[in-house]
1. To make sure I understand, if each residue's beta carbon is the centre and we count other beta carbons within 10 Å, what order do 102, 251, 242 fall in, fewest to most?
2. Contour minus end-to-end for residue 222 and residue 57, with contour as 0.36 nm per residue of separation and end-to-end as the Cα-Cα distance?
3. Per DSSP H run of n ≥ 4, the term is -39500 (n - 2.57); total these for the chain, divide by its residue number, and report the mean residue ellipticity at 222 nm rounded to 500 deg cm²/dmol.
4. With springs only between Cα atoms under 10 Å apart, run a GNM on the chain and tell me which of 131, 243, 279 wobbles the most.
5. What FRET efficiency would be calculated for the residue pair residue 136, residue 248, taking the C-beta separation as r and a Förster radius of 30 Å, to the nearest 0.05?
6. Can you work out the FRET efficiency for the pair residue 237 and residue 120, with r the C-beta to C-beta distance and R0 = 22 Å, to the nearest 0.05?
7. At 7 Å along the Cα-to-beta-carbon direction for both residue 109 and residue 278, put a label point, then send me their distance in nm to one decimal.
8. Can you tell me the relative contact order of the chain? Whole percent, Cα pairs under 8 Å, sequence separation 6 or more.
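We did not get these values from a lab; they are worked out from the coordinates using the rules stated. Computed from a predicted structure; not experimentally measured. FYI the Cβ positions are ideal-geometry reconstructions off the backbone, even for glycines, and counts take in every protein chain you see.
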């Protein structure tokens, strides 16, 4: 339970806290949270992009003190959605959390389309297929607190059960293209088991509920650009007051893309997020082939 003197200060998964009382874990034991340490990082999202709406103003802390955001995306069934991945990247960079792209169902499709889209970012990634060795993923998780996010149906819960066999996370089938049953209902921190005789800290993972969108109303328009580092240099020659939208006819980014210095799909995605943030439409999670 939380001590009364903490007031309305929330306690979220990942928080480091001080306890008093019986911390034995025995049935009937009671302890209180009396202090919450300063957070090294806070990963947030909103239900909507537009901060003029009630949903957009409702900011939710996904997890505190994370080191890494693992974006779980299936290569097929459901198809990859680069719009959603872009949103997660923006949230990760805004929270100063390192991103890792985890591509599941690699037995059903190749990664070329997705990796080509992010070629200029040098985005760390791993591929997973049923029965494949998870050694590379475990290496990237070791010694870190990693948050797993992804749409329902991408195989996130199956992946968690493989990483932590005792987790017993519920697994649901994909019910339609891009849709799945929401099999996780709350964020849960899980200690990764040690592998072999290694003395290295295996790390923690935080499994989050399957989500359909990652609202970015809490991210400023300026910070939104940080999720597109391949476009940043193209804005340096722009006029100071340029909003970089499609309506800004003299925006330097159009020439930057025309000169082959960035992928036009990346610019289109960035401008979609700007438009959505301004309340000009909901264009969140297009499959990769539509971007």
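1. 242, 251, 102
2. In short, 57.6 nm is gained.
3. -6500 deg cm²/dmol
4. Result for the chain, Cα springs under 10 Å: 131 fluctuates most.
5. 0.10
6. Once the sixth-power term is evaluated, E becomes 0.80.
7. Those two pseudo-labels are separated by 3.1 nm.
8. 21
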